[in-house]
Amino acid sequence: MLKNITMNGIHMQEDSSLTILDVARKHGIDIPTLCFLKKDDCNFVHRPASCRVCIVEVKGRRNLSPACATYIEEGMEILTNSYKVRQERKNIVELLLSNHPNACLTCRKSGDCELQALSAKLGVSNNLEFAGPLSQENKEYRFGAILRNPSKCILCNRCTAFCEEIQGIGAISATQRGFATVISEGHKCVNCGQCIQVCPTGALMQYEDAPDIEKELTDPETFCIVQTAPAVRVSIGEGFGMEPGTDVTGKIITALRYMGFDRVFDTNFSADLTIMEEAHELVDRLQAGGKLPMITSCCPGWIKYLETHHPDMLDLPSSCKSPQEMFSSIARSWYAEKYGIDPKKMVVVSLMPCTAKKKEITREQNQVDGVQQTDYSMTVKEFIAMVKRYGLDIRNLPEGTFDSPLGESTGAADIFAQTGGVMEAAIRTAGVWLDGDAPWNINWESGYEDGIKEATVKVGGKELSICIASGLKNASKVIERIRSGEKQYHFIEIMACPGGCLNGGGQPVAKYGKYAETMLARRKGVQSIDRNKSARISCDSSAVQKLYEEFLVEPGSEIAHKLLHTSYSDESDII
Ligand code: SF4
Ligand code: SF4
Ligand code: SF4
């Protein structure tokens with residue numbers, strides 16, 4: 001129902017289902033928020049009204065009202081930025097800062113911190129009226145790939161709500177009471193990093209591999225090679241003011257060379273290799289009556305979730321390692337031998353959109369002959385900071401090209417970045433093998449943007465029932481459908497992060513309120529790269545074909561199993 005209101009003296013007619021904050025944003029009026037968060041890319045709305053920085057004056061009300069939780073009413077007269085409002089907001093932020101280390105000079109979140117930006121905007125000075133001793137020590141604690149610093153926490157609970165409501169896990173929670181309240185890690189964290197992405201301060205950060213990588217690059221004895229994941233090339237530009245979705249592949253390559261990497265390769269090469277092994281496994285399970293549905297296995301957040309939350313389903317995922325791990329195993333074996341490099345001197349680094357990859361590299365099941373295959377995994381955020389430390393600016397760098405042969409790939413590898421991409425890539429190759437051509441159009445039943453989608457696709461004369469899900473709460477729903485017998489799928493793709501790796505926990509955080517827009521732009525970016533590749537089906541990769549001819553023999557061979565496949569256990573290291 002429409003209501004007549006005035007906001008800052010301007011008459012408006014708006015629906016009663018809207019809050020004052022909704023109306024203000026609709027009309028381009030800025031009201032600051034800290035605890036409130038609406039992420040339209042995954043339907044997350046967090047409205048605890050606890051920080052109170054969104055307070056506004058409503059005529060006739062004695063107390064200021066939180067705009068995020070106050071719905072408009074007929075005749076409301078609202079002032080969003082009066083002197084009284086500004087002073088009260090400043091007091092609130094000063095109170096928060098009185099229990100904050102205010103260590104912006106050394107905080108890695110500096111420049112990207114919502115609390116820092118807000119205190120600058122409100123003109124908070126260093127004469128903090130309420131300053132006193134901190135309730136928590138300014139110290140970082142590591143759990144898995146995540147670092148938490150309780151002294152920087154403003155108890156907005158965005159992280160706990162996201163982990164619970166979107167990931168369906170609840171791995172972190174507020175413990176203790178009053179001044180001693182702290183966000184603590186519990187168990188069953190899957191390292192997806194989504195809590196970091198919603199944290200407004202530096203209280204949750206990723207564990208950093210970059211300092212060790214930089215040290216390795218100065219060692220003349222090491223042979224440093226790097227692989228770049230499909231999802232990083234359309235988001236790195238954002239760290240340098242470029243539009244989301246801009247393809248900066250060539251500039252990333254140049255930056256990595258300037259940093260001193262001996263070879264710059266592409267994880268896309270091994271994404272194609274993954275499809276060769278995975279499509280082979282799918283065809284085998286379909287033809288030999290193997291266990292169905294087969295579920296993709298390239299997302300370590302998902303795999304960790306399955307191991308810890310649904311251990312009775314460990315016979316469903318493909319045994320394929322992720323592209324990151326396949327790449328490293330091939331680099332340390334075939335590539336090292338072919339080019340006369342001592343694998344012991346090799347340092348293999350990955351550039352990933354993902355925090356969970358930092359833990360994947362340490363999984364015992366990914367070792368070959370007792371040797372960890374990937375040495376370090378850095379995220380997009382780490383890489384952007386590293387580029388800046390090296391005095392470089394992605395915008396100004398010339399275009400480079402990947403080294404051969406582990407830098408060659410098809411368009412099918414590029415779409416690994418988005419939800420549904422691994423499925424589509426596998427179906428393309430299975431279609432070629434069984435029918436002589438790829439089924440190019442998959443008609444997803446509920447539109448490509450939703451968290452769970454189903455389709456039927458004809459491959460090898462058989463109607464395959466397929467499903468994709470992203471976000472772990474959605475994954476859990478799919479698992480329940482299988483467990484209850486409600487659905488009989490043949491093939492499922494699951495990604496831990498809503499929307500897939502384009503929205504990974506190591507990606508740049510989208511500008512406030514531009515989440516869906518940013519995801520869409522990144523998605524269009526990878527889709528365009530796919531469309532413009534001369535080869536778009538993994539089995540057409542000449543580099544991968546050569547690898548089989550020279551070394552792996554055929555998909556599913558003994559050597560392929562040793563190097564490219566893995567196993568799962570409910571006893572894997574929890575975090
Ligand atoms: S990393 Fe993921 S699972 Fe772990 S606490 Fe954060 S959101 Fe939850
Ligand atoms: S850790 Fe970050 S997101 Fe979580 S409650 Fe503290 S400030 Fe909020
Ligand atoms: S969806 Fe991608 S970024 Fe997210 S945890 Fe999985 S592999 Fe990592």
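Quick note: the coordinates plus some simple rules give every number you see, no bench work behind them. Bear in mind that the values here come from a model prediction, so they are computed numbers and not experimental data. For neighbour counting, all protein chains shown are included, and Cβ atoms are generated from backbone atoms with ideal geometry for every residue, glycine included.
What the table below lists for this structure:
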read-out: nm² value of the averaged projected area, convex hull over the Cα atoms of segment 449-575; value: 11.8
read-out: Scattering curve values for segment 293-410, log₁₀ I(q)/I(0), Debye with Cα scatterers, q = 0.14, 0.15, 0.19, 0.23 Å⁻¹; value: -0.74, -0.83, -1.16, -1.36
read-out: Other-chain or far-sequence residues with amide H under 5 Å of PHE223's (modelled H); value: MET346, VAL347
read-out: Inter-site label distance for GLU140 and LYS514 at 7 Å from Cα along Cβ, in nm; value: 2.7
read-out: Compactness of the chain, expressed as Rg and Dmax over alpha-carbon positions, Å; value: 25.0, 81
read-out: Nonlocal amide H pairs with VAL459, under 5 Å, H built at 1.01 Å; value: LEU464
read-out: Leading residue at positive end of dipole, segment 291-402 (Cβ point charges), from PRO317, VAL348, SER329; value: VAL348
read-out: Pair ASP393, GLU463: separation of 7 Å Cα→Cβ label points (nm); value: 5.8
read-out: Candidates per GluC sites (Glu not before Pro) in segment 400-480, loop by DSSP, up to 16 other Cβ within 10 Å; value: GLU445, GLU449
read-out: Sorted by Cβ neighbour density within 10 Å, fewest at the top, the residues LEU502, LEU37; value: LEU37, LEU502
read-out: For segment 72-138 and segment 449-508, distance of Cα centres in Å; value: 42
read-out: Phi-based couplings in Hz for segment 559-565 (Karplus 6.51, -1.76, 1.60; Gly and Pro marked x); value: 5, 4, 5, 5, 8, 10, 10
read-out: Length added when fully stretched, MET1-SER17, from 0.36 nm per residue minus Cα-Cα; value: 5.0 nm
read-out: Cα-centred dipole magnitude for the chain, charges only on beta-carbon of K, R (+1) and D, E (-1), debye, nearest 20; value: 2080
read-out: Packing-based exposure ordering (other Cβ within 10 Å, fewest first) of SER125, SER476, SER16, SER318; value: SER125, SER16, SER476, SER318
read-out: Sites GLU221 and SER404, calculated FRET efficiency, Cβ-Cβ separation with R0 25 Å, nearest 0.05; value: 0.50
read-out: Net length gained if the chain between GLU445 and ASP212 were fully extended (0.36 nm per residue, minus Cα distance); value: 79.3 nm
read-out: Extension gain, ASP262 back to ASN532 (0.36 nm per residue minus Cα-Cα distance, nm); value: 94.4 nm
read-out: Sites SER125 and ILE10 - FRET efficiency at Förster radius 35 Å, r taken between beta-carbons, to 0.05; value: 0.65
read-out: FRET E, pair LYS338, ASP112, Förster distance 51 Å, beta-carbon r, rounded to 0.05; value: 0.75
